[in-house]
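One structure is given below, encoded as structure tokens.
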DNA sequence: GCACATGATGTCAGTTACTGTCATCAACTC
DNA sequence: GAGTTGATGACAGTAACTGACATCATGTGC
């Protein structure tokens, strides 16, 4: 059993999620995660900047996916429609098969304030990226920023609905429903 | 020079802000902060849960101030108007005399992602408290949550404007302007 | 004035997240 | 098959944070 087992990053992610879920985030040491993954503590910190980040790898890809979709939305789309197109593209990541994994991950985050902080800054970065994408479409400020933040609110509503809904509804449908809800609220 | 110098919490806060501003948050140790305040490291952690929290003491009072004002807003006020009343009450804390202090504090936060995370979760808690206050006024969901989050966006815009504006404009006026901006955006 | 309770602080030992440095080993190149 | 490259191990070190217990200032009852 030499070094160089494949996918060290993935093994660390899986080991961390398992342990966080089993015994809690704070009760889990990085040494334990690394051991379960067959690696050392030092190697963990070569793959992840800190103990929280192991749960958030992939948020960059999610952001890129969404931003690319916004960039690709038809020029005729209004700002909020462009955001909706972007969010729906996230369905490629949030597919029904991965819902159990997402549920476990979210329950771990919801149980720990430190992890919630990390989640919030990821969403804030996504909001900033969405605002930039809107500006590239010619949307002026402060509409770009406000629409982007509204988009984050929609994302959260859609994601939570997708998580909690038992049926294997597609994420795109959850986004559609959240947008409809937003229009109702905004029109009142 | 015995123990029991008055206002240990305040001395720790001032020492921390000075050192964070002088040499940076990460380059400052809790031992150094405590020493400047004439206390020990252990005592620091009796006053503050962690090294970040020393910059955020008072956010609970701010939240209470705003929520109380929302509760006290006239029954005839619309949800967003009630939020505006609440945010304007924060002018009691953000008075022009404290602007230099707020500027220093914000520059420290803006220079460190960890501190930004803490700021974000404080704002998220404020948003949750605002949503509860709206529900007490009979506002239904999801309008309560969405209006509360919009209120946070308004707060951030107003606060940043108040910070950056050289004249000693009152915070209440910044809130008024931000609300007007929001109405313009929403009506477009 | 004095014993006593109370609360804030000091002291000290310990755990753990995180970093710097250098050695080691697998795979790839020529 | 020697050298290069990149990932990992080993080890020492710093600093955030915690638990346990001692100590001291202050207030209270007498």
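Annotation for residue B:173, label-to-label distances across the other copies: 5.4 nm (shortest first, one decimal, point 7 Å from Cα along Cα→Cβ).
Please state, rounded to one decimal and in Å, the Kirkwood hydrodynamic radius that segment B:58-187 gives when every pair of distinct Cα atoms enters the mean of 1/r.
15.0 Å
Shape analysis of segment A:1-99 yields a ratio of the Cα radius of gyration to the Kirkwood radius, Rg/Rh, of 1.14.
From the largest down, segment B:121-172 spans 40, 22, 12 angstrom on the principal axes of its Cα atoms. Label-to-label distances for residue A:140 across copies, nearest first, come out at 3.6 nm, using points 7 Å from Cα in the beta-carbon direction.
Here the mean projected area of the convex hull built on the C-alpha positions of the protein assembly as shown is 22.7 nm².
Dividing the mean sequence gap of close Cα pairs (under 8 Å, 6+ apart) by how many residues segment B:52-102 holds gives a relative contact order of 36 percent. Available extension along the chain between residue B:18 and residue B:64 is 13.8 nm, counting 0.36 nm per residue and deducting the alpha carbon span.
Values quoted throughout were computed directly from the atomic coordinates according to the rules given, and no laboratory measurement underlies them. Please read all numbers here as calculations on a predicted model, not as lab measurements. Note that each Cβ is placed from the backbone with ideal geometry, even for glycine, and that neighbours are counted across all protein chains shown.
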